[in-house]
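Everything on this sheet refers to the single structure shown next.
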Amino acid sequence: MKFSIYRYNPETDSRPSMQEYELDIPAGSDMMLLEALMLLKDKDPTLTFRRACREGICGSDGMNINGKNGLACVTPVSELGKKAVIRPLPGLPVVRDLVVDMTQFYRQYEKVKPYLQNRNEPPARERLQSPEERAKLDGLYECILCACCSTSCPSFWWNPDKFVGPAGLLQAYRFLADSRDTETEQRLSDLDDAYSVFRCRGIMNCVSVCPKGLNPTKAIGHIRSMLLAKGV
Amino acid sequence: MVTAVTSLGRSGLHDWFIQRLSAVVMAVFAIYIGWFVATTPDLQYPQWVAFFQQWLVKAFAVVTVILMSLHIWVGMWIVSTDYLKPTGIRMVFQGALILYCLVIIVWGIQILWSV
Ligand code: SF4
Ligand code: SF4
Ligand code: FES
């Protein structure tokens, strides 16, 4: 199978380029793309990418695979056709090859205060939730922060410093929806500007790439409804 | 919270709401005009003037012109903040945009009121 992989080493290359690789993959193999990349790295140790868990949990091997963002470790090579074109996640500065600088992504995540805030006296053991209240967090808490969604979002490409992006907004809603959080008002006012939430144009690129099957657009819709309910 | 001085409203919700509301009003106005044109058999200048002389039509048209300008303002402001990266160019564009919208409002009201 043929691979065309984005290569860039800022210390030696004046500009990025695509490098062609060949790898023998036995017919009927259920190999994942990450494994193929590791085999290619055995041959060419300079090839650089991130990975850790190799099972879709850590979120470190997000990349652009044949034009669509995804996790290499859960993408079977058998789905990629005769040739796989692999590039880094779009829109973020490249550190080297497939490794991108995620600072802007994390900065937006940090902005939504992704932790429980509760100004009431803590109970002796823990803050309880009913099963119904807990169910509201399903489809939100599973995010692994792989950045596949935000880096496929045009609104995030154009304003990565101002638009929170689908991943951050999914987490913003995760805490807005949490019955144990008391800072709903403050969280909403922090989001009510022309960019943070409202730069989402509902293109749903985020939904189509999320490897965990989450729906940031729906969460953004809920935030918008909450803002609307507060504002009228 | 990200601040923006040249946006129409002071909050994102405000802009969003105006954009939706104006879209609905413009759609209703367009359908209304279309309906008038379709149901007036021999449409000539006198009928057209008489139509706009009704104060309700006049008021509806004025409201639509104002909301249309606000719609343009919100929409084009968003486009400019997405695609015009150099600050100078963006400022000139937004200045011209605001002026353009104000001119449309004043001029539109003047025309409609003179009927
Ligand atoms: S929402 Fe999905 S695509 Fe986005 S960061 Fe979370 S897991 Fe990744
Ligand atoms: S739906 Fe919104 S957040 Fe998702 S990709 Fe589109 S603009 Fe971005
Ligand atoms: S290596 Fe952990 S998500 Fe792919």
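The values are calculated or read from the model by the stated rules, or taken from the named source; none is laboratory data. Note that the structure is predicted; figures quoted are calculated from it, not measured. Neighbour counts are summed over all protein chains in view; Cβ atoms, including those assigned to glycine, are modelled from backbone coordinates with ideal geometry.
One table, with the values for the structure above:
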item	result
Of all residues in segment A:196-221 being near ligand 2 (Cβ under 9 Å from one of its atoms) and among the β-branched types (Val, Ile, Thr), the one that is surrounded by the fewest Cβ atoms within 10 Å (Cβ to Cβ)	A:203
Residue check for residue A:232: hydrophobic (A, V, I, L, M, F, W, C), more than 17 Å from residue A:109 (Cβ to Cβ) and within 16 Å of ligand 3 (Cβ to nearest atom)	no
Given (1) free of Cβ contacts under 8 Å to residues at least 24 places away in the same chain; (2) over 21 Å from residue A:34 (Cα atoms), index of the condition residue A:101 fails	(2)
Restricting segment A:50-63 to residues that are within 13 Å of ligand 1 (Cβ to nearest atom) and either buried (at least 19 other Cβ atoms within 10 Å of the Cβ) or among the small types (Gly, Ala, Ser) (or both), the residue that is farthest from residue A:151 (Cα to Cα)	A:56
Only listed residue being exposed (fewer than 14 other Cβ atoms within 10 Å of the Cβ), closer than 27 Å to residue A:158 by Cα and either away from chain A (no Cβ under 14 Å) or not hydroxyl-bearing (Ser, Thr, Tyr) (or both), chosen from B:88, B:75	B:88
Close pairs (7 angstrom Cβ cut-off, 6 or more residues apart or separate chains): away from chain B (no Cβ under 14 Å) and in contact (Cβ under 8 Å) with a residue 40 or more places away in the chain in segment A:207-227, acidic (Asp, Glu) and more than 9 Å from ligand 2 (Cβ to nearest atom) anywhere	A:212/A:142; A:214/A:142
Subset tally (residues that are charged (D, E, K, R) and more than 13 Å from ligand 1 (Cβ to nearest atom)) for segment A:197-226	3
Where residue B:8 falls short, out of the listed (1) at pLDDT 95 or above; (2) surrounded by 16 or more Cβ atoms within 10 Å (Cβ to Cβ); (3) among the hydrophobic types (A, V, I, L, M, F, W, C)	(1)
Looking only at segment B:23-58, and only at residues there that are small (Gly, Ala, Ser) and within 25 Å of residue B:97 (Cα to Cα), the one that is nearest to the chain's Cα centre (by Cα)	B:23
Among the candidates B:25, B:37, residue that is away from every other protein chain (no Cβ under 14 Å), part of a helix (DSSP H, G or I), surrounded by 10 or more Cβ atoms within 10 Å (Cβ to Cβ) and out of contact with any helix residue (DSSP H, G or I) (no Cβ under 7 Å at 6 or more places or on another chain)	B:37
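Conditions (1) in contact (Cβ under 8 Å) with a residue 60 or more places away in the chain; (2) touching a helix residue (DSSP H, G or I) at 6+ places or on another chain (Cβ under 7 Å); (3) more than 16 Å from ligand 2 (Cβ to nearest atom), marked per residue:
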| position | (1), (2), (3) |
| --- | --- |
| A:128 | no, no, yes |
| A:143 | yes, yes, no |
| A:157 | yes, no, no |
| A:171 | yes, yes, no |
| A:178 | yes, no, yes |
